[in-house]
Amino acid sequence: MRRRDLLVIGGAMAVAISIPPILRRRVQDFDFEPLEGLPGFRRLELGRVSAGPVALIGLDSDAVSAQTDVGDTCNALFGQAGWAPDKLPIALFSDYFCAICGEFEPRLHRLAHERAELRIIRHELPLLGARSVAAAKLAIAARAQGAYEPVSRELMQRNLRPGDSALRQLADRHGLDATQLKADRDSAEVAAELDRELALGRRLGIPGTPALIVGRTLVIGSMADRDLVRLIDLEISDSDPPCR
């Protein structure tokens, strides 16, 4: 074999060997941007989202942000438990009619099940119209009877038919009082809670679902498991989180 051929083959092999590290760097390098108006938080835009109309439940974005008091952002995101030293909070924003959410949300919960240091806080962000709003209200109403998580999981797995019959069947499956569930769904308290969730989403500038805040990082769109794990590890190692 001629020397020139050997050099060509050698160069090709060198390129082939160098490709995996290059690809790994592209996967692992995050392009963070500061989250405007929220010191200490940052933003990472990765994947596709399911977005909806600006007008929701009769309120446009300006009305929601102006009239609804979200209060302290950290408390609104992570609840009273906040950011405990041994727990990394992950705030998930989801819509029951978002197909991307239906694939991403179970992966996130499986990861949280495997890692005890993670705490998931789910937020309703119904951006895909009236049916999304109705499902979100029903899930919030189920919280009054201690059944938010199982009802939320069911609504994510299958669409609930409209009407009282379907509501009663759902209540029966979860051992709930159907009359109370319906009354709570239609109550001013549930409507106000959903308004706060929508206002929180707008304060964060979330354009669609899924979205999540991993520690101090807002992630827009679905995220590959390997990237999510690395981001979690980065946040756990952060010595100066914004919510302590």
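The values are calculated or read from the model by the stated rules, or taken from the named source; none is laboratory data. Computed from a predicted model, the values in this text were never measured in an experiment. With ideal geometry, Cβ positions are generated from the backbone for all residues, glycine too; neighbour counts draw on all protein chains shown. The accessibility values were calculated without ligands, DNA or RNA, using every heavy atom of the protein model including side chains. Shrake-Rupley method; radii C 1.70, N 1.55, O 1.52, S 1.80 Å.
Annotation note: of I206, I220, I213, I236, the sole residue that is open to solvent by 40 Å² or more (accessible area, probe 1.4 Å) and under 23 Å from C74 (Cβ atoms) is I236. Within the stretch 56-65, is there a residue that is open to solvent by less than 40 Å² (accessible area, probe 1.4 Å) and modelled with pLDDT of 65 or more? No, the stretch 56-65 contains no residue that is open to solvent by less than 40 Å² (accessible area, probe 1.4 Å) and modelled with pLDDT of 65 or more. Being open to solvent by less than 40 Å² (accessible area, probe 1.4 Å) and either over 16 Å from G79 (Cα atoms) or in contact with a helix residue (DSSP H, G or I) (Cβ under 8 Å, 6 or more places away or on another chain) (or both) is a description that does not apply to G146. Restricting attention to the stretch 100-111, the residues that are open to solvent by 10 Å² or more (accessible area, probe 1.4 Å) and under 13 Å from the mean Cα position of the chain (by Cα) total 7.
Which ranges mark the helices (runs of 4 or more DSSP H) fully within the stretch 108-201 that have 1 or more residues being more than 27 Å from L228 (Cβ to Cβ) and of a type in the set (A, V, I, L, M)? Steps first, answer last, please.
Numbers: elements: 130-143, 148-157, 164-173, 178-185.
Filter on the stretch 108-201 gives 130-143, 164-173, 178-185.
Quick one: in the stretch 149-190, which of the residues that are of a type in the set (K, R) and open to solvent by less than 80 Å² (accessible area, probe 1.4 Å) is nearest to L128 (Cα to Cα)? For the stretch 149-190, the residue satisfying everything is R185. Among the residues of the stretch 143-177, those that are among the hydrophobic types (A, V, I, L, M, F, W, C), farther than 12 Å from R122 by Cβ and either touching a strand residue (DSSP E or B) at 6+ places or on another chain (Cβ under 8 Å) or touching a residue at least 12 places away in the same chain (Cβ under 8 Å) (or both) comprise A144, A147, L160, L167, L170, L176.
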